[in-house]
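Q: Could you have a look at this structure, given as structure tokens, before my questions?
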Amino acid sequence: MRKSRGVSYVVTVAIMTAVTIALGLFLWGIVSGWAGVSAIGIVAETNKGIAQQRSILVVEFIDWGRGIVWVSNPGKVDLVILSCAIYPKSASPPPISYREIARVNASMNSAYPLEIGSKCQLVTGQKPYVIEIRAIASTIYNPNNPLENAQWMIMVRQNV
Amino acid sequence: MCRRNVGRRRGVSAIAGGAIVLAIFFMVIVPLVILMQNSYALFLNESNSRRIFDTDRMSESLTVGVSQDAITKRLTLLLSNDGPVNVRIVRVWAIDVVRQTSIPMAKPCLEGELLSLPPGGNGTLDVQTCVNGFTGIVQFLAVTERGRIFSSNKIYLKEGGLIDIVFPYTLTVSIINMKKGRMYEVYVTPLGNGKVSPEKFTHKATASNENVTVAFGIFPGNYSVALYENGKLVQIPEGNPQLIEVPDKQAVIFILNRGPIISLPLDAIIIAPKKVSGNSLFIVEVDVQLSDKANESVMITSVSNILITSDLPPGQFDSDCSYYGGFSIRPGEREIVALCSIWVGWEKGGTGTKSVGISVPAGTIYGIGEESGISYTNEPESTTIKVTP
């Protein structure tokens, strides 16, 4: 009688231990998964914020004679220009369609031309004009969905 | 003995559970927190780096001038870094100002590692190749490595070079007897095809009766020479502006009508009633006035006693005066210098009239000219007040 009672104790302890370990491993898996997803999200958001901090675009000169807007990138990350519009300052901005217009490398060794008409929309009207360019860091740009990280775009707006 | 064994075996699952919880904490939660803090630190670092970049960028300051070599006649950009940070020029644009287009081609005029200027440093860039053969108004834009753009003045070029202008005549304009502290401007305006340089001269007189003569390079022709004092056209007997024809007349003299300052007498004005009745108290005011012909303001420094007399019996007349000084009056201005309260009594049943005399002797009111320092005093003035029952 005493012998059989001892066996049941051993079995009980073994079962309880196995259940505890199984539940613990399950919990570990859940927490690890959540932590992994969170970590990926944190890294991605940080990368986007940093990419925006590194993005700078300069309009150097507008060649009205030839119809070219010259831009350059003194920042630390290559940029993808998604929209460019020149419109009268007194008018409201024209509707903008976002698409990849040009890529501007992060280097001041050269300036990049944006042809007025084909790459840069011109709305004629009363002077003075305003140029508005939107660009996004190439590291967070998704060619299949240009507006995926639209909140991390930069906008250059200046009188011309 | 039996209970002890059971308790020991039950503790196995508790230990295993505790170990798993600890493992989860140290292997999942703690690394996640570290990752979050690390990400935040990375972002802050980048944000700080951008802030420093923006500060440096805004601190850049560059003066861009255009000059021509006296011997080789090549056009040169004179670049001067007057900011606190190092400036690297990476690109220079030459712009046809009228057509707003780049010259000579649709690209920057100069590009690459052009010039690096430390704070306070100066440098030059040969831009003759950009404007060879160009005639018109041109402006140069210098682009820095941090993305700032600095522009030169707009200059007129003829076939790629600055126009050499040698003026054959010199016009001298003299301004005589200026007034200290006033701003004088001379405008020489061509009436027709003349050319003059400069067209305007500005001078602020730093001393009284100052004279100045200025020279203008000028071509033959008709000109108007005008003199302004503090923005107003000066009225002089010779006329202003003066019309001249170069080379017949090459000197203009503006003699300002401002003679030596002379002292004018101060006017003492007694304001008092002509007649008062006995047993009454009345006020007499004495003012000083500076003639509007005076050439300067006068500081009234002191006022002596004013004489007040009466033929009323003793005990039936009393007066008390307050004097004011230490103020400035301008030409034509009038200010109070004394206030006297006078009491006159009257005998019961008395008849006839009595009088009170008020006299401001010469020299009672004393002042000093603010520009010349000369003395100003009043001329004598008096009045009589009748006292009736």
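The values are calculated or read from the model by the stated rules, or taken from the named source; none is laboratory data. The structure displayed is predicted, hence computed values, not measured ones. For neighbour counting, all protein chains shown are included, and Cβ atoms are generated from backbone atoms with ideal geometry for every residue, glycine included.
Q: Show the residue pairs that are 6+ apart or on different chains and have beta-carbon atoms under 9 Å apart, the first residue being within region B:97-115 and over 17 Å from A:Tyr112 (Cα atoms), the second being modelled with pLDDT of 85 or more and acidic (Asp, Glu).
A: B:Gln100/A:Asp63
Q: Return the residues of region A:47-56 that are basic (Lys, Arg) and facing another protein chain (nearest Cβ under 8 Å); say none if nothing qualifies.
A: In the first step, residues of region A:47-56 are kept if they are basic (Lys, Arg); the result is A:48, A:54.
Matches in region A:47-56: A:Arg54 only.
Q: If we keep just the residues of region B:130-147 that are touching a Ser or Thr at 6+ places or on another chain (Cβ under 7 Å) and under 15 Å from B:Val66 (Cα atoms), which is surrounded by the fewest Cβ atoms within 10 Å (Cβ to Cβ)?
A: Here the residue is B:Gln139.
Q: Still on this structure: Just one of A:Ile56, A:Ile101, A:Ile50, A:Ile15 is within 25 Å of the chain's Cα centre (by Cα) and over 30 Å from A:Tyr129 (Cα atoms); which is it?
A: On the way: A:Ile56 fails: over 30 Å from A:Tyr129 (Cα atoms); A:Ile101 fails: over 30 Å from A:Tyr129 (Cα atoms); A:Ile15 fails: within 25 Å of the chain's Cα centre (by Cα).
Checking each option against the conditions leaves just A:Ile50.
Q: I would also like to ask the following. Give me the pairs, please: first residue somewhere in region B:337-365 and surrounded by fewer than 13 Cβ atoms within 10 Å (Cβ to Cβ), second residue anywhere and part of a strand (DSSP E or B) and basic (Lys, Arg), beta-carbon distance under 6 Å, and either six or more positions apart or on two chains.
A: B:Thr353/B:Lys386
Q: OK, next. Looking at B:Ile24, B:Ile34, B:Ile29 in this structure, which one is surrounded by 16 or more Cβ atoms within 10 Å (Cβ to Cβ) and either β-branched (Val, Ile, Thr) or more than 8 Å from chain A (Cβ to nearest Cβ) (or both)? Can you show your working first?
A: On the way: B:Ile34 fails: surrounded by 16 or more Cβ atoms within 10 Å (Cβ to Cβ); B:Ile29 fails: surrounded by 16 or more Cβ atoms within 10 Å (Cβ to Cβ).
The conditions single out B:Ile24.
Q: Please state which of the following conditions B:Phe140 fails to meet, knowing it meets all the rest: (1) of a type in the set (Phe, Trp, Tyr); (2) farther than 24 Å from B:Asn86 by Cα; (3) at pLDDT 90 or above.
A: B:Phe140 satisfies every listed condition except (2).
Q: Hey, can you tell me all the residues within region B:283-310 that are within 15 Å of B:Val344 (Cα to Cα) and surrounded by fewer than 16 Cβ atoms within 10 Å (Cβ to Cβ)? Break it down into steps so the answer makes sense when it comes.
A: Within region B:283-310, the subset within 15 Å of B:Val344 (Cα to Cα) is B:283-284, B:308-310.
Within region B:283-310, B:Ile283, B:Thr309 qualify.
Q: It is to be established whether one or more residues within region A:65-85 are more than 30 Å from B:Ala41 (Cβ to Cβ) and charged (D, E, K, R). It would help to see each step written out before you state the result.
A: Restricting attention to region A:65-85, the residues satisfying the condition of being more than 30 Å from B:Ala41 (Cβ to Cβ) are A:65-72, A:81-85.
With the extra rule that they be charged (D, E, K, R), the set shrinks to A:66.
Yes, there is a match, as at least one residue in region A:65-85 is more than 30 Å from B:Ala41 (Cβ to Cβ) and charged (D, E, K, R).
Q: So which of B:Val127, B:Val90 is more than 14 Å from chain A (Cβ to nearest Cβ), buried (at least 18 other Cβ atoms within 10 Å of the Cβ) and not acidic (Asp, Glu)?
A: Numbers: B:Val90 fails: more than 14 Å from chain A (Cβ to nearest Cβ).
B:Val127 is the lone residue from the list that is more than 14 Å from chain A (Cβ to nearest Cβ), buried (at least 18 other Cβ atoms within 10 Å of the Cβ) and not acidic (Asp, Glu).
Q: Identify, from the list B:Pro190, B:Pro265, the residue that is within 30 Å of B:Tyr376 (Cα to Cα), touching a strand residue (DSSP E or B) at 6+ places or on another chain (Cβ under 9 Å) and modelled with pLDDT of 85 or more. Please lay out each step first, then the result.
A: Working: B:Pro190 fails: within 30 Å of B:Tyr376 (Cα to Cα).
None of the others qualify; the one that does is B:Pro265.
Q: Restricting to region B:311-333, name every residue that is of a type outside the set (Phe, Trp, Tyr), surrounded by 13 or more Cβ atoms within 10 Å (Cβ to Cβ) and either in a strand (DSSP E or B) or more than 46 Å from the chain's Cα centre (by Cα) (or both).
A: Selection gives B:Leu312, B:Gln316, B:Asp318, B:Ser319, B:Cys321, B:Ser328, B:Ile329.
Q: Give region B:40-70 a look and list any residue that's in contact with a Gly (Cβ under 9 Å, 6 or more places away or on another chain) and more than 9 Å from chain A (Cβ to nearest Cβ), or say none.
A: Residues satisfying the conditions are B:Ser59, B:Glu60, B:Ser61, B:Leu62, B:Gln68.
Q: What residue, among those in region B:95-124 that are over 37 Å from the mean Cα position of the chain (by Cα) and among the β-branched types (Val, Ile, Thr), is nearest to the other protein chains (Cβ to nearest Cβ)?
A: My answer is B:Thr101.
Q: In region A:57-71, how many residues are facing chain B (nearest Cβ under 8 Å) and out of contact with any Ser or Thr (no Cβ under 9 Å at 6 or more places or on another chain)?
A: Number satisfying all stated conditions: 1.
Q: Counting just the residues of region A:38-84 that are assigned to a strand (DSSP E or B) and touching a helix residue (DSSP H, G or I) at 6+ places or on another chain (Cβ under 7 Å), which one comes out surrounded by the fewest Cβ atoms within 10 Å (Cβ to Cβ)? Break it down into steps so the answer makes sense when it comes.
A: Filtering region A:38-84 down to residues assigned to a strand (DSSP E or B) leaves A:58-63, A:68-72, A:79-84.
With the extra rule that they be touching a helix residue (DSSP H, G or I) at 6+ places or on another chain (Cβ under 7 Å), the set shrinks to A:79-80.
Working: A:Leu79: 28, A:Val80: 23.
Filtering first and then ranking leaves A:Val80.
Q: Can you tell me which residues in region A:105-124 are outside any loop (DSSP other than H, G, I, E, B) and not aromatic (Phe, Trp, Tyr)? Step through it out loud before you land on a result.
A: Within region A:105-124, the subset outside any loop (DSSP other than H, G, I, E, B) is A:112-116, A:120-122.
Of everything in region A:105-124, those that are outside any loop (DSSP other than H, G, I, E, B) and not aromatic (Phe, Trp, Tyr) turn out to be A:Pro113, A:Leu114, A:Glu115, A:Ile116, A:Cys120, A:Gln121, A:Leu122.
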